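Here's the structure we're looking at; comments come further down.
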Amino acid sequence: MLNRLDSFIKSNIFPRPKESTYDASSHKGKLLHIPQVNLHTNAENGDFNYGYLLKPSGDFTFLMIYAHPNAVDIGMSYEELSYVSKHAGIAVLLFEYLGYGLTHAVITEHTVLTDMHSAYWFSRRRLGIPPERIVLCGRSIGCAPAAHLAAHLPAPAVPSLLVLQCPFASLSECIRDLSQNAVSITNLRGFNWFRTIDLIADVPCPVVLQHGTFDTNINVSHTYDLKAKRDRSPHPRVTYLYIEEGKGHNNLSRNLLVTILKEKLDGATLKPIKLLDYGKFKVQQPLFDSLFGSFSPGSSILTSPGTTSTTCSEAIVSWEQQAWRIRDYVFKRERLHILLTMSVCSFAMRCALHWQLYCHLHKVHTVSEAASLEVGERRCSMSAFVLNCCAQWGSPLGIHVLLDKLHTHPLDLMVLFGCYIGRQDLEYMDAPITIADTTSRALLTVVELAFTPSMCKAVQRVISSAPALESMESMPCFIQSELVELVQLECERAVALISDDAWLQLSHFFSSPAVAVREFLSSKAAHVMEGFASFLSSSGKETMEDMEEWLRPWSSEHHHAADGFSVEVPWDYYLLKARRCDVGAPLTKFSDLSDFELTVRKMKLALTLYKLFQRYSQQVLQPCLLPSPS
């Protein structure tokens, strides 16, 4: 009974469209990445949602944040809200609920409220809209989060108006027709959600209640109950009632909403809103066809028509043969995600090959009696393996100096976001897209964007999709369009969260790399770079034992005592030393147990150092997440 009720309630509260009615290609330039906030602190937490930002053709003085009904996604609501924006002369932020449209999540009261709060604080802090220029509007299920937000905002942040279309008093009241017993079970089971009746009187701004008399989903009596609750408030409350004769739940007049907004919002004497630059939050056009697929004339944003690549190597070589240059992507923030997507996709496919080799050797040597490491010590999760690849090969989101004893200058060759670039090309970043193979090279990391958990998950998805692989040369170009889009999504969001100061640092590097390299590096790492030839000599090899001993104070049991010294540690230098540990020949599927265990030890060593580097080094540009509003 309870399971059936659970299914009944969720299917009736959140009857989502079976498939998203929009994608990244829909309504170019209108779909945005919206940073999510913690519901209790309103601080950004690193997660994202989607939303459409709709603007009238001319100036506007208000922005309406719209919470859509439960049987549609923002793609289905786009046309109606575009009409309202155009004819009411206001901007509209039409945000999605996590679990709807392009997103995948379990939907609850908490997630819907979080989505509403996130859209509001995005409007306030990322778009620069003052609270008195914001209107909150919800329809059907969307009324509940809109009212909740309006009731809980502090006085300085109260919006100018709250519009509720087809509102309900509470969830339990909506399903009371099922049976009284069902209502009681609903309350007991924790589904007594969205009790707008309990907080509507706490909303200090004017409230508009719009409802149809023939609404068979939510009876118009709910609106009258909400109106009565506000009328009984001991505090002055302004409430406007708009009852549409003959209208049902899904056919309220959009023209009436336009009229309401024009009547209640007096923008005649207000200065037009000037939005902050939000270009970095725009969802970009999909890159799969340009990078990996076949495409027709005019469909690609990067190149002319081509053919489908059959191997990973062929795809990567095709990028080098195009007219694409590194300079085309690093000097414009809105294009950097393209280069990062190429880099991460290549990295992920290489990871897949090495992951399969690791899993094969782990299986072969699991039952060996000669093993010196316990099975658990040899086991590595896929997420840890991905980070280990970043640790040993250099992050695909990073800029690295490639040290080679055959070079005559320390900057003869660098790896910039996964691409080789020679010293002769550094001044103008004028080099082709040549993907680097750094699996057995000595890399000194200069600076990198943080490799976030969500980026790691995207790479894991690529690894999990791989067929049986033999070598990089024969590896089929197996990466699927939805996985390229997932990687691209994470790269776009990584770029969006680069702080202005960090972007200035990167821009300084792109403009003056020879100078900036030395400014980023610790003094010890810079010294090693200048004397790279001697460092790369045989005497420069590190032993595993020495590095493990050095790391001991930073182990999980002791690192808190060492935290105070973290800023003084040249993490880039020690990460280079970990990469230089001599563990013999690279692994093959025929590697014996001792070689495998030695490699596993180096993996653990490099991973530990890389996590410390990510945690403490100023050379890691962390996502710029806005804190709780003051």
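The values are calculated or read from the model by the stated rules, or taken from the named source; none is laboratory data. Remember, it's a predicted structure, so these values are computed and weren't measured experimentally. All Cβ positions, even for glycine, are placed from backbone atoms using ideal geometry, and neighbour counts span all protein chains on display.
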So Leu497 ticks every box in (1) farther than 21 Å from Lys282 by Cα; (2) touching a residue at least 24 places away in the same chain (Cβ under 8 Å) but one. Which box is left unticked? (1)
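Please pick out the residue among Leu357, Leu361 that is at pLDDT 90 or above and surrounded by fewer than 21 Cβ atoms within 10 Å (Cβ to Cβ).
Working: Leu361 fails: surrounded by fewer than 21 Cβ atoms within 10 Å (Cβ to Cβ).
None of the other options fit; the residue is Leu357.
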Hits in the range 258-282 - residues which are farther than 18 Å from Ser26 by Cα, in contact (Cβ under 8 Å) with a residue 40 or more places away in the chain and surrounded by fewer than 19 Cβ atoms within 10 Å (Cβ to Cβ): Val258, Lys262, Lys264, Gly267, Leu270, Lys271, Pro272, Lys274, Leu275, Leu276, Tyr278
Condition check for Leu136: in contact (Cβ under 8 Å) with a residue 12 or more places away in the chain and either surrounded by fewer than 20 Cβ atoms within 10 Å (Cβ to Cβ) or closer than 28 Å to Leu226 by Cα (or both): yes
Of residues in the range 587-630 being over 20 Å from Ala502 (Cα atoms) and not assigned by the TED database to the domain that holds His400, the one modelled with the lowest pLDDT: Ser630
Might you let me know whether the range 510-517 holds any residue that is buried (at least 21 other Cβ atoms within 10 Å of the Cβ) and among the aromatic types (Phe, Trp, Tyr)? no
Quick check on my filter: what residues within the range 29-74 are small (Gly, Ala, Ser) and either buried (at least 23 other Cβ atoms within 10 Å of the Cβ) or closer than 23 Å to Pro623 by Cβ (or both)? Ala43, Gly46, Gly51, Ala67
Going by the conditions given, is Leu149 part of a helix (DSSP H, G or I), touching a His at 6+ places or on another chain (Cβ under 8 Å) and surrounded by 19 or more Cβ atoms within 10 Å (Cβ to Cβ)? yes
Return the total of residues in the range 393-402 being crowded, with 24+ Cβ neighbours inside 10 Å and more than 22 Å from the chain's Cα centre (by Cα). 3
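Quick check on the range 403-421: of everything there that is within 32 Å of the chain's Cα centre (by Cα) and part of a strand (DSSP E or B), which residue is farthest from Val344 (Cα to Cα)? Don't jump to the end; show me each part of the working.
Initially, the range 403-421 is screened for residues within 32 Å of the chain's Cα centre (by Cα), giving 413-421.
Checking which are part of a strand (DSSP E or B) leaves us with 413-416, 419-421.
Values: Leu413: 20, Met414: 17, Val415: 13, Leu416: 12, Cys419: 11, Tyr420: 14, Ile421: 17 Å.
Checked the range 403-421; the qualifying residue farthest from Val344 (Cα to Cα) is Leu413.
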Subset of the range 498-514 (residues that are assigned to a helix (DSSP H, G or I) and of a type outside the set (A, V, I, L, M)): Asp500, Asp501, Trp503, Gln505, Ser507, His508, Phe509, Phe510, Ser511, Pro513
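Tell me yes or no: at least one residue of the range 516-533 is out of contact with any Gly (no Cβ under 6 Å at 6 or more places or on another chain) and at pLDDT below 85. Before you say what the answer is, go through the steps one by one.
Going through the range 516-533, the residues out of contact with any Gly (no Cβ under 6 Å at 6 or more places or on another chain) turn out to be 516-533.
When the remaining residues are screened for being at pLDDT below 85, the result is 533.
There is at least one residue in the range 516-533 that is out of contact with any Gly (no Cβ under 6 Å at 6 or more places or on another chain) and at pLDDT below 85.
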Can you say whether Asp582 is among the charged types (D, E, K, R), at pLDDT below 85 and within 30 Å of the chain's Cα centre (by Cα), as far as the supplied structure shows? no
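Based on this model, can you work out whether Val515 counts as of a type in the set (Val, Ile, Thr) and in contact (Cβ under 8 Å) with a residue 60 or more places away in the chain? Can you show your working first?
Working: of a type in the set (Val, Ile, Thr): yes; in contact (Cβ under 8 Å) with a residue 60 or more places away in the chain: no.
Considered against the rule, which asks whether it is of a type in the set (Val, Ile, Thr) and in contact (Cβ under 8 Å) with a residue 60 or more places away in the chain, Val515 comes out as no.
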Search the range 311-335 for residues being of a type in the set (Ser, Thr, Tyr) and assigned to a helix (DSSP H, G or I), and hand back the single one that is nearest to Phe509 (Cα to Cα). Tyr329
Scan the range 78-95 and give yes if some residue there is free of Cβ contacts under 8 Å to residues at least 12 places away in the same chain and closer than 16 Å to Tyr66 by Cβ, otherwise no. yes
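Quick check: is even one residue across the range 455-462 in the same structural domain as Ser512 (by the TED database), among the polar types (S, T, N, Q), more than 26 Å from Thr588 (Cβ to Cβ) and outside any loop (DSSP other than H, G, I, E, B)?
To start, the set of residues in the range 455-462 that are in the same structural domain as Ser512 (by the TED database) comprises 455-462.
Next, from what is left, pick out any that are among the polar types (S, T, N, Q): 460.
Within this subset, residues satisfying the condition of being more than 26 Å from Thr588 (Cβ to Cβ) are none.
No, the range 455-462 has no match at all.
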Within the range 83-103, can one find any residue that is among the polar types (S, T, N, Q), touching an Asp or Glu at 6+ places or on another chain (Cβ under 9 Å) and not in a strand (DSSP E or B)? yes
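This table checks each residue for (1) modelled with pLDDT of 95 or more; (2) more than 26 Å from Val163 (Cα to Cα); (3) surrounded by 14 or more Cβ atoms within 10 Å (Cβ to Cβ).
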{"position": "Asn219", "(1), (2), (3)": "no, no, yes"}
{"position": "Thr223", "(1), (2), (3)": "yes, no, yes"}
{"position": "Pro234", "(1), (2), (3)": "no, no, no"}
{"position": "Leu241", "(1), (2), (3)": "yes, no, no"}
{"position": "Gln284", "(1), (2), (3)": "yes, yes, yes"}
{"position": "Asp289", "(1), (2), (3)": "no, yes, yes"}
{"position": "Ser294", "(1), (2), (3)": "no, yes, no"}
{"position": "Gly306", "(1), (2), (3)": "no, yes, yes"}
{"position": "Ser309", "(1), (2), (3)": "no, yes, yes"}
Just for the range 462-485: of the residues that are within 19 Å of Trp393 (Cβ to Cβ) and in contact with a Lys or Arg (Cβ under 9 Å, 6 or more places away or on another chain), which one is modelled with the highest pLDDT? Met475
Sort out which residues of the range 416-461 are crowded, with 19+ Cβ neighbours inside 10 Å, at pLDDT below 95 and of a type in the set (S, T, N, Q), and write them in order of number. Thr438
